[in-house]
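Note sheet for the following structure.
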Amino acid sequence: MDASRPRLPLTVIGGFLGAGKTTLLNRWLRDAGGRRLAVLVNDFGALNIDVDLIAASAGDTIALTNGCVCCSIGDDLTTALIGVLESTPPFDAVIIEASGVSDPWRIAQVGLADPGLTLDGVIVVLDASAALEQALDPLLADSLERQLRSADLIVVNKTDLIYVAELARVREWVASVAGAAPVFETANAEVPLPVLTGAALLPPQDRHRDGLAACDVAPHEHGGDAQDEQPHDHGALFDTWSCRPAQSLSAAALRAWLRDMPAGVLRLKGWVHTDEFEWAEIQFAGRRGSLRKAFERPASGVGVVAIGLRGRLPAALLEGVFDPARPAVSGQAASEYMSPRG
């Protein structure tokens with residue numbers, strides 16, 4: 001790996017055939033937010049990419065007009081990933097669509113093993129209209145539950161196709177299988193980009209400028225189609241919290257805090273100074289967090305951004321860890337700020 005390049009965020013999308021993975025991918029490709037995405041899929045035909053988006057097509061690769069590229073995985077995922085990592089200019093993120101019955105966590109292990117990649121999250125799409133029936137099928141139940149247990153975010157899709165009472169049963173069943181994994185309910189796979197990927201927490205134009213306030217909470221508009229929002233009012237708003245810590249933090253305390261992240265945080269990403277590394281990349285998605293040495297000083301400088309559902313983002317707890325007015329966090333102090341996920 002070229003040490004001058006930052007690690008490439010990897011997202012794995014899993015879920016049974018028909019759950020809405022392809023619809024989610026198409027939305028992601030159409031609204032890439034200025035980011036160059038490399039999307040690795042098993043089947044081009046299922047993607048049905050908008051013709052207006054296609055710039056060129058050759059063999060196992062489709063180049064889009066917005067800089068994104070779709071590649072066929074073929075028989076060798078490792079070879080496909082090497083091609084993405086060696087691409088010039090570099091991509092901003094890579095997304096892998098797992099086949100319907102595969103375990104997305106096994107695929108995500110690549111993100112933990114390759115030094116050129118960092119795991120941004122595992123997303124599992126669930127068909128709300130079929131979930132309870134699938135859960136009773138002895139041939140499907142084990143694979144479905146394994147997928148849900150691996151998820152950093154569960155997208156319960158097609159909620160417009162079932163009644164409120166059935167949706168309540170789906171919620172109860174998902175919680176019994178996946179525990180505290182965050183759940184996003186929607187129709188037509190309409191999910192805001194910052195919920196799907198930590199790479200979208202800051203707009204591309206903010207990557208190379210010091211735009212964060214010392215500590216700040218702000219609403220984040222979901223830019224979805226108003227017509228799509230009507231069947232499932234999930235608020236269309238998210239809260240984002242940002243902070244620029246002015247001091248070095250305890251790496252041990254931050255890791256302990258990441259293991260027991262307060263409920264309400266969907267994603268957190270940023271760069272901080274620690275007593276272990278001069279520069280460290282911190283990130284959290286769903287149920288997994290990491291603190292790793294940064295290869296170089298980030299162009300945007302020190303700063304942390306978090307996103308959560310409107311009214312549920314624990315800003316006070318986040319400030320207790322990152323607020324520059326407080327002393328560096330000790331392990332004991334970090335535990336006092338925690339409200340662990342249930």
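In this entry, GLY311 passes the filter for residues that are among the small types (Gly, Ala, Ser), over 20 Å from SER250 (Cβ atoms), in contact (Cβ under 8 Å) with a residue 12 or more places away in the chain and surrounded by fewer than 20 Cβ atoms within 10 Å (Cβ to Cβ).
Residue-by-condition table, conditions (1) outside the structural domain of LEU119 (by TED's automatic domain parsing); (2) of a type in the set (Asp, Glu); (3) assigned to a helix (DSSP H, G or I); (4) surrounded by fewer than 22 Cβ atoms within 10 Å (Cβ to Cβ):
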{"position": "PHE238", "(1), (2), (3), (4)": "yes, no, no, no"}
{"position": "GLN247", "(1), (2), (3), (4)": "yes, no, no, yes"}
{"position": "TRP257", "(1), (2), (3), (4)": "yes, no, yes, no"}
{"position": "VAL265", "(1), (2), (3), (4)": "yes, no, no, no"}
{"position": "LYS269", "(1), (2), (3), (4)": "yes, no, no, no"}
{"position": "PHE277", "(1), (2), (3), (4)": "yes, no, no, yes"}
{"position": "GLN283", "(1), (2), (3), (4)": "yes, no, no, no"}
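I want to confirm something. Restricting to region 126-168 and keeping residues that are part of a loop (DSSP other than H, G, I, E, B) and under 25 Å from the mean Cα position of the chain (by Cα), which single residue is surrounded by the most Cβ atoms within 10 Å (Cβ to Cβ)?
Residues of region 126-168 part of a loop (DSSP other than H, G, I, E, B): 128-130, 137-140, 150-152, 158, 162-163.
This time we only want the ones that are under 25 Å from the mean Cα position of the chain (by Cα), so: 128-130, 150-152, 158.
On the way: ALA128: 26, SER129: 18, ALA130: 19, SER150: 21, ALA151: 28, ASP152: 24, LYS158: 23.
Step by step, filter region 126-168, then rank; the result is ALA151.
Of all the residues that make up region 169-186, how many are at pLDDT 95 or above and either not in a helix (DSSP H, G or I) or not assigned by TED's automatic domain parsing to the domain that holds GLY20 (or both)? The qualifying residues number 0. The set of residues from region 43-62 being closer than 21 Å to THR197 by Cβ and in contact with a strand residue (DSSP E or B) (Cβ under 7 Å, 6 or more places away or on another chain) comprises LEU47, ILE49, LEU53, ILE62. Within region 108-116, none of the residues are within 25 Å of ARG288 (Cα to Cα), acidic (Asp, Glu), at pLDDT 90 or above and not in a strand (DSSP E or B).
Identify, by number, the condition in (1) buried (at least 20 other Cβ atoms within 10 Å of the Cβ); (2) more than 17 Å from the chain's Cα centre (by Cα) that LEU25 doesn't meet. (2) is the only condition that LEU25 fails.
The values are calculated or read from the model by the stated rules, or taken from the named source; none is laboratory data. The model shown is predicted, which means the values in this text are computed figures rather than measured ones. Note: ideal-geometry Cβ built from the backbone for every residue, glycine included; neighbour counts use all protein chains shown.
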